[in-house]
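Here, each number is a calculation from the coordinates, and none is a lab measurement. Not measured: the values here are computed from a predicted model. Here the Cβ is made from the backbone with ideal geometry for all residues, glycine too, and neighbour counts use every protein chain on show.
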């Protein structure tokens, strides 16, 4: 069964710990980055009997920069529909990237930049690579599961008023604090990889369920996505892939008719209308909102922990 | 535009008390005689029989866990809960509207009665662990496992009898106001949502499995379940048995007596227990179960979609009438009364729930 680890800071000292029954058992591993820790964990590190509750520690992202953050868009059917895409017409796997400057603690805050009004949330299952991919997938490449070392939870926070009108996905999704990750790094053991299908993703804003789906409903599954990724991307251990978000985001595409009319408008006018329409939606994150999310299987064989975030306005 | 769903019940940071277990259920019954006979065959042990009240216990305690009381209709009268701390008991006693009974309700323990948001009386008693629990008796049945024959040269003994009930495990309540009632149990008794089920379309929470928070001490995955319903009522109660053999023996005995089965043997998904459902003479569901999940306070809440299939991982086909989705005149009347008394009831949630409950769990079952 997967082993769960947490990266934390205590008295200005960074360490990793095993996460067991709601407690952190420090490993005395020291300040290792994700790649180094994956190596370290292969030697079955043992923890002492001393443990801490999460409240006693500053919990950090188990994914460390520098790393490459590859993301998939529109990868759950219902999310495609509400994003204004026709699932039967969209037949390509959509990849984009996020800056690793956006990585932040899973128990902390998300900062809404001054110029941003349309702040959105996206819970995602993240995969951590444990092995390099430096050539296009071929018959000697082996099993995809050999390349994935761990699972974790990510929130792909997005500024929709930058991402869409400016056509800047990289910027709109990469402000600092836009990638809360963790708390758990679930390091996989043989056979665990296939359990991704049973993972349930849940995101609540102020205790209300906004997103919920099972990873089994991914349009492009991790196996085929990683194989495709190898055609245009080199991967190193510690790099991550975010597999896309289920339906229920704040963003909602205008209806088909409205889109057709908007297509006839000048670009500036079109996005003014978009902004005006979206601002009416009460789903967008506001300062003071609490986001709680978790990814686990119903039988809890894989449990990526609880992410608890508070939205704050940039001062 | 779709509404943002209602909030989910959450564990309270500062509950009024930390209760430890469900104590008893009180039921009104028109026909006490038939109910008395049924619950003996079901496996409960009668400890007091008066003209207007019969008390039963399970094997783990000499205190009553089941009270049948003479009434002009079949209904839920009340619920009993234990707290382990006398301080908690005093705190609850001091609540406005709390009624104190020095001499106890159905046993001789001092009891404070609170009223939950649906109007149900909840009796709270302070009991230290030792008084409540008899040492658990294992009957020491021998099992043969592959490669390990503990029952060498001994055939399995044949014994026809009612199931031996260890204890009352949990009760499932339907409530017109889901969130208000679920939150009340969390805030008043420190209960923790183990799992929540939501509707697929609206993402509205409609079922919450609540366990008692006893810190590091393990609790049943659920002792009280609150579900969204058309009426305020008791959906079923479940009693713990030693093992699967007991569950099956109990079933054989009840079927042999000509009683109606409620479902059949299977294993639940949330809570994991092996279950078997029966119907008492009033038609109410009662469950024999074994091997349920036990959680301490560290296990966080899970959220899952609700549908018929989400009720079991394996088992006999679920009968069409297992989930009561019919709208009787009495239920509609209760609903109307609830609306008139300004309860927060969402008809659209009830309609979505009914729709989901009517979907067949297995493609080969055509209801």
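A few notes on this one:
- Overall Cα dimensions of chain B, principal axis frame, Å, largest first: 68, 56, 45
- Per-residue ellipticity at 222 nm computed for chain B from its helices equals -5500 deg cm²/dmol, with DSSP H segments shorter than 4 residues left out and the rest contributing -39,500 (n - 2.57).
- Mean-square fluctuations from a GNM of chain B, with a 10 angstrom spring cutoff on Cα atoms, peak among B:110, B:205, B:96 at B:96.
- Degrees separating the helix A:267-279 axis from the principal Cα axis of chain A, which is the longest one: 60
- Among the residues of A:201-208, the average count of other protein chain beta-carbon atoms within 10 Å of the residue beta-carbon is 5.
- Ranking of B:212, A:40, A:151, A:25 by count of other Cβ atoms within 10 Å, fewest first: A:40, A:25, B:212, A:151
- For chain B, built as a Gaussian network whose Cα springs stay under 10 Å, the top-fluctuating residue of B:227, B:248, B:163: B:248
- Spin-label pair residue B:331-residue B:357: with each label point 7 Å from Cα along the Cα-Cβ axis, the two points sit 0.5 nm from one another.
- Distance in nm between pseudo-label sites at residue B:71 and residue B:51 (7 Å out along the Cβ direction from Cα): 2.1
- Fewest neighbouring Cβ atoms within 10 Å first, the residues A:252, A:292 line up as A:252, A:292.
- Rounded to the nearest 500, the helix-only mean residue ellipticity at 222 nm of chain A stands at -4000 deg cm²/dmol, with each DSSP H run of n ≥ 4 adding -39,500 (n - 2.57).
- Separation in nanometres of the label points that stand 7 Å from Cα toward Cβ, at residue A:224 and residue A:99: 3.4
- Computed over the protein assembly as shown, Cα set: Rg, Dmax in Å: 27.6, 90
- If both residues of a DSSP beta bridge must be in the protein assembly as shown, then about 75% of such bridges are antiparallel.
- Residue exposure proxy: A:55, A:283, A:122, A:314, ordered by other Cβ atoms within 10 angstrom of their Cβ from fewest to most, comes out as A:55, A:314, A:283, A:122.
- Most mobile of B:235, B:246, B:51 in a GNM of chain B (Cα contacts under 10 Å): B:51
- Cα-based shape type of segment A:3-59, given that a ≥ b ≥ c are square roots of the gyration tensor eigenvalues and the cut on a/c is 1.5: oblate
- Among beta bridges that DSSP assigns inside chain B, antiparallel share in %, nearest 5: 70
- Residue mean of other protein chain beta carbons inside 10 Å, B:301-307: 5
- Estimated D of chain A in µm² per second, where Rh is the Kirkwood radius over Cα pairs and Stokes-Einstein applies at 20 °C, 1.002 mPa s: 107
- Beta-bridge orientation, chain A: approximately 85 percent antiparallel, per DSSP, counting only bridges with both partners inside.
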